[in-house]
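Take a look at the structure set out below.
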Ligand code: 2NE
């Protein structure tokens with residue numbers, strides 16, 4: 001079996017193998033730095049994965065062995081954000097971070113080489129991270145006049161602890177895959193040659209599990225960290241399930257039939 005192309009883009013590859021989709025940032029000459037176009041294409045591909053019921057897990061990675069992603073492309077950084085063909089300066093990678101958080105399917109980062117700056121935050125917000133033994137993790141914001149004080153800071157502190165998160169941002173040092181693993185920043189380190197095989201093995205394990213159970217676990221952990229926006233996700237999932245119930249449908253049907261609803265016949269579980 002091999003990867004099949006789903007859709008052509010300028011800056012990313014979008015492929016699938018069975019129920020697994022793979023989104024690859026394809027700018028290796030820039031260590032897979034992203035521009036607003038790269039990010040918009042990733043948003044489009046993730047939305048495709050969200051809507052396609054035959055896709056059960058999503059891998060996010062970078063082309064080549066040298067980098068997962070080196071963050072925002074500094075050569076298109078303008079006044080207030082990163083600038084694309086529409087000449088608007090934007091930080092649309094924040095929308096992508098949020099989409100990865102709310103998409104109700106597991107997203108696994110597959111990291112080879114550098115995971116840096118805004119690229120390392122993308123790795124962070126993925127549900128799981130499998131890294132090659134050549135992976136290196138680093139925040140550079142305070143060196144290059146930038147920062148991510150959202151998921152990149154508050155959520156990072158939840159994942160690796162406050163002392164470690166401050167160290168990461170204040171010193172801007174690189175961390176090896178083993179060091180990142182020790183911190184709980186990533187899930188597993190494997191030899192470079194095995195990283196895709198291992199990532200697919202994790203996908204296969206997850207795909208044998210109940211997608212609804214996985215969806216609720218992801219939403220519940222988001223609810224704990226994302227405040228009312230997180231609650232909204234798990235609440236929306238509850239509404240979705242309620243809409244599939246006879247009790248939920250009775251409310252809709254009664255309205256459409258212009259009668260009073262009869263909810264008495266539905267069980268009141270303890
Ligand atoms: C990634 C890293 C550590 C790799 O180092 P090395 O030595 O392996 O490669 P090199 O030679 O630095 O990079 C290869 C080519 O890629 C370009 C370089 O300029 C170089 O180009 P040439 O000299 O061959 O023409 N390149 C690499 N990263 C780039 C980038 N981010 N933008 C544009 N070109 C890039 C090393 O390259 C590095 O430290 N890169 C910069 C990392 C960085 O500071 N990223 C931005 C952080 S801020 C951010 O991402 C952000 C945020 O904080 C908040 C919101 C949104 C974004």
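No value in this document is a laboratory result; all are computed from the given coordinates. Every value quoted in this text rests on a predicted model; they were computed, and no experiment measured them. Cβ atoms come from the backbone with ideal geometry, glycine included; neighbour counts cover every protein chain shown.
Which whole-number percent is the relative contact order of the stretch 99-245 (Cα, under 8 Å, 6+ apart)?
So the answer I get is 25 percent.
Okay, helix-only estimate at 222 nm for the chain: each DSSP H run of n ≥ 4 adds -39500 (n - 2.57), divide by all residues, round to 500 deg cm²/dmol; what do you get?
Mean residue ellipticity, 222 nm, calculated: -13500 deg cm²/dmol.
Determine the shape class of the stretch 106-158: with a ≥ b ≥ c the square roots of the Cα gyration tensor eigenvalues, call it rounded for a/c under 1.5, and otherwise prolate if a/b is greater than b/c, oblate otherwise.
Oblate is the answer for the stretch 106-158, as a/c is 1.5 or above yet b/c matches or exceeds a/b.
Which of rounded, prolate or oblate describes the stretch 131-251 when judged by the alpha-carbon gyration tensor and an a/c cut-off of 1.5?
Details: a/c = 3.57, a/b = 1.56, b/c = 2.29.
It comes out oblate by the Cα gyration axes.
List 179, 4 from most exposed to least, where exposure is judged by having the fewest other Cβ atoms within 10 Å.
Fewest to most other Cβ atoms nearby, the residues stand as 4, 179.
Have a look at 212, 38, 239 and tell me which one the Gaussian network model of the chain (Cα, springs below 10 Å) gives the largest fluctuation.
Maximum fluctuation in the GNM of the chain, among the listed residues, is at 239.
Give me the extension gain from residue 5 to residue 187: residue separation times 0.36 nm, minus the current Cα-Cα distance, reported in nm with one decimal.
62.7 nm is the gain from fully extending residue 5 to residue 187.
Using alpha carbons only, how many degrees (0 to 90, rounded to 10) separate the axis of helix 162-171 from the longest principal axis of the chain?
40 degrees
Taking only Cα atoms and a 10 Å spring cutoff, compute GNM fluctuations for the chain and point out the largest among 85, 106, 191.
Of the options given, 85 has the highest mean-square fluctuation.
Which of 186, 228, 214 ends up with the largest GNM mean-square fluctuation for the chain, with Cα atoms connected below 10 Å?
Looking only at 186, 228, 214, the largest GNM fluctuation is found for 228.
Expressed as a rounded percentage, what relative contact order does the chain have, with Cα pairs under 8 Å and six or more residues apart?
It rounds to 13 percent for the chain.
Give me the angle, in degrees from 0 to 90, between the Cα long axis of helix 36-51 and the longest principal axis of the Cα atoms of the chain, rounded to the nearest 10.
30 degrees
When the Cα centres of the stretch 12-45 and the stretch 107-130 are compared, how far apart do they sit, in Å?
If we compute the Cα centre of each part, the gap is 13 Å.
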